[in-house]
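Data first, discussion second: the structure below is written as structure tokens.
The values are calculated or read from the model by the stated rules, or taken from the named source; none is laboratory data. These numbers were taken from a predicted model, which means no experiment stands behind them. Cβ: placed from backbone, ideal geometry, glycine included. Neighbour counts: every protein chain shown.
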Amino acid sequence: MPESSTRTTGIGAAVIGASSAGLYTACLLAEAGHPVTVYETARSLDPKPRTLIVTSRMRDLLGQVGDESVVGEINKFELYANGRVATVDLDRPDLIIDRSKLIRSLARQAEASGVQIHLNHRFKGLKSNGRGLRLQLETGRNGTRTTHHKEAGALIGADGTFSTVARSAGWPEQPSIPLVQAVVNLPSDFDRNTSKVWFVPEDTPYFYWLIPEFSGRGALGVIGEDPRRTREGLERFVEKQGLEPVEFQAARIPRYNKWIPTHREVGRGNVYLVGDAAGQVKVSTVGGIVTGLRGAIGVAEAITGSGPSTELRDLRRELDRHLLIRRALHRFKESDYDRLLRFLNEPARRALGATNRDDAGALLRRVLRRQPRLVALGLRCLLSDPGLIRLARF
Ligand SMILES: Cc1cc2nc3c(=O)[nH]c(=O)nc-3n(C[C@H](O)[C@H](O)[C@H](O)COP(=O)(O)OP(=O)(O)OC[C@H]3O[C@@H](n4cnc5c(N)ncnc54)[C@H](O)[C@@H]3O)c2cc1C
């Protein structure tokens, strides 16, 4: 169903959360002539450095602003399962980005477009009033907290997985899964342009990955279902790879299991969600940067445009396709991964390397055309899970 289009009233838009999705939404709205204020709970725009991997789609979306965060490129993926390895050469390299640089450069762009960014402002709740929305925000440190009230015609929740905006406006809580990462020292002969992925279904229905960082270190991560087992599995895996952990990072990320409508009316005001707050994360790989930026474009379109947002419609399709892939992979045993890698013949690997995983429809079409045996492997799962048929619209 298309997302409806609504306009802010004259009292401007408020964005909660100064991370990638929120700042990009703010930029787009300000560039379209809307007064925008961003409220961020952190006291400085200096998030801890975190190395992320994104497709070249980020560069297409952000141009120069995105380029400032790029610290490396990946030309090759190595996929491991059951002692087998398949190598995929990428036509367009993936980008290694420093999340803190991305946020700072988006903030600069937002401020240059006229956005006001208020740090140390925690969103607590909202009420509707005659003109729009009345936001409750808190400033200060523990013990000396002050409550402020601000008005907004539109409120955009870009406040992450456990969004207070979503809760305040009546969205149901979204499911989430634990992600644990170990920062590891890489051996000096490690190829800095290669990223590795291991499928170990007895540890996790997802996978382990290793992204090389620019500093001679790498991020070895895993997504699981139970936080304790996921962490223990990672510790064992790091040791098995003969790597030395420097620190561990843990977070919960949204587990997309159906599209979350991004707009609700609260009295006379409009509330929107973007990024992790709206579950806009590819559940096949749990990448959320590019999809969150696309969510930002969609919400900006819905606020400023005169018709339904085509970006949100396309994003929904994209996220559903990743859900389809995830549901199939979730049922894979070691023998299925073994077959998957065996079936990845030269033409299928070339198709995989030529197609961006932020365009899952094209990727599935091209790879399955090159290797029809993968259709049978996927279909076996489709037929054992009726929920998949509904999603198989690519
Ligand atoms: C360890 C880890 C590794 C990852 N690796 C990758 C990767 O390699 N590639 C990829 O594409 N994705 C990756 N992701 C996912 C990606 O980081 C997220 O999808 C993305 O950062 C979400 O951006 P966002 O702007 O929606 O939300 P967030 O980045 O979560 O930002 C939310 C912001 O809202 C603020 N906030 C929260 N509550 C309030 C409040 N009440 N009031 C005011 N402000 C508030 C927070 O302080 C924060 O600044 C990873 C995630 C994790 C945790």
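Just give me the residues in the stretch 195-216 being surrounded by fewer than 18 Cβ atoms within 10 Å (Cβ to Cβ), under 13 Å from V184 (Cα atoms) and not small (G, A, S), in sequence order.
F214
Could you check the stretch 257-309 and list, in sequence order, the residues that are crowded, with 22+ Cβ neighbours inside 10 Å, over 20 Å from the mean Cα position of the chain (by Cα) and not in a helix (DSSP H, G or I)?
G269, N270, V271, listed by residue number.
For the stretch 242-273, which residues satisfy the criterion of being in contact with a Lys or Arg (Cβ under 9 Å, 6 or more places away or on another chain) and more than 30 Å from G157 (Cα to Cα)?
Result: V246, single match.
Within 29 Å of V367 (Cα to Cα) and modelled with pLDDT under 95: does that describe N75?
No; evaluated as a whole, the condition is false for this residue.
Give the stretch 279-312 a look and list any residue that's among the hydrophobic types (A, V, I, L, M, F, W, C) and either away from the ligand (no atom under 16 Å from the Cβ) or without any contact (Cβ under 8 Å) to a residue 24 or more places away in the chain (or both), or say none.
Within the stretch 279-312, A302, I303 qualify.
Might you let me know whether the stretch 128-137 holds any residue that is touching a strand residue (DSSP E or B) at 6+ places or on another chain (Cβ under 6 Å), near the ligand (Cβ under 9 Å from one of its atoms) and in a strand (DSSP E or B)?
yes
Here is a list of conditions, (1) more than 15 Å from the ligand (Cβ to nearest atom); (2) more than 20 Å from Y80 (Cβ to Cβ); (3) of a type outside the set (S, T, Y), and E239 meets all of them except one; can you say which number that is?
(2)
Within the set of pairs 6 or more residues apart or between chains, which connect a residue that is among the basic types (K, R) inside the stretch 196-223 to a residue that is crowded, with 18+ Cβ neighbours inside 10 Å and part of a strand (DSSP E or B) with Cβ atoms less than 7 Å apart?
Filtered contacts from the stretch 196-223: K196/W209; K196/L210; R217/V183; R217/V184.
Look at D336 and say whether it is under 23 Å from the mean Cα position of the chain (by Cα) and acidic (D, E).
Judged against the criteria, D336 is not a match.
Under 25 Å from P47 (Cα atoms), near the ligand (Cβ under 10 Å from one of its atoms) and under 27 Å from the mean Cα position of the chain (by Cα) - does that describe any residue in the stretch 188-195?
yes
T230 passes all but one of (1) at pLDDT 95 or above; (2) within 14 Å of the ligand (Cβ to nearest atom); (3) closer than 22 Å to A328 by Cβ; which number fails?
With respect to (1) at pLDDT 95 or above; (2) within 14 Å of the ligand (Cβ to nearest atom); (3) closer than 22 Å to A328 by Cβ, T230 is out only on (1).
For the stretch 161-182, what are the residues that are near the ligand (Cβ under 10 Å from one of its atoms) and in a strand (DSSP E or B)?
Matches in the stretch 161-182: P178, L179, V180, Q181.
Provide a single number: the residues in the stretch 80-100 that are on the phi < 0 side of the Ramachandran plot, surrounded by 15 or more Cβ atoms within 10 Å (Cβ to Cβ) and touching a strand residue (DSSP E or B) at 6+ places or on another chain (Cβ under 9 Å).
12
How many of the residues in the stretch 217-250 are among the basic types (K, R) and either in a strand (DSSP E or B) or closer than 20 Å to V283 by Cβ (or both)?
Of the residues in that region, 2 qualify.
Given the criterion within 24 Å of G66 (Cβ to Cβ) and either buried (at least 22 other Cβ atoms within 10 Å of the Cβ) or without any contact (Cβ under 8 Å) to a residue 60 or more places away in the chain (or both), identify the matching residue among A152, A112.
Result of the check over A152, A112: A112.
Look through the stretch 23-79, keep the residues that are of a type in the set (S, T, N, Q) and not in a strand (DSSP E or B), and return whichever of them is surrounded by the most Cβ atoms within 10 Å (Cβ to Cβ).
Within the stretch 23-79, the match that is surrounded by the most Cβ atoms within 10 Å (Cβ to Cβ) is T25.
Out of (1) away from the ligand (no atom under 13 Å from the Cβ); (2) farther than 28 Å from R370 by Cβ, what's the single condition that is false for A348?
(2)
Since R316 meets every condition but one in (1) of a type in the set (K, R); (2) buried (at least 20 other Cβ atoms within 10 Å of the Cβ); (3) touching a residue at least 60 places away in the same chain (Cβ under 8 Å), which condition does it not meet?
For R316, the exception is condition (3).
Which numbered condition in (1) away from the ligand (no atom under 13 Å from the Cβ); (2) at pLDDT 95 or above; (3) surrounded by 20 or more Cβ atoms within 10 Å (Cβ to Cβ) is the only one that A158 fails?
Tallying (1) away from the ligand (no atom under 13 Å from the Cβ); (2) at pLDDT 95 or above; (3) surrounded by 20 or more Cβ atoms within 10 Å (Cβ to Cβ), A158 fails exactly one: (1).
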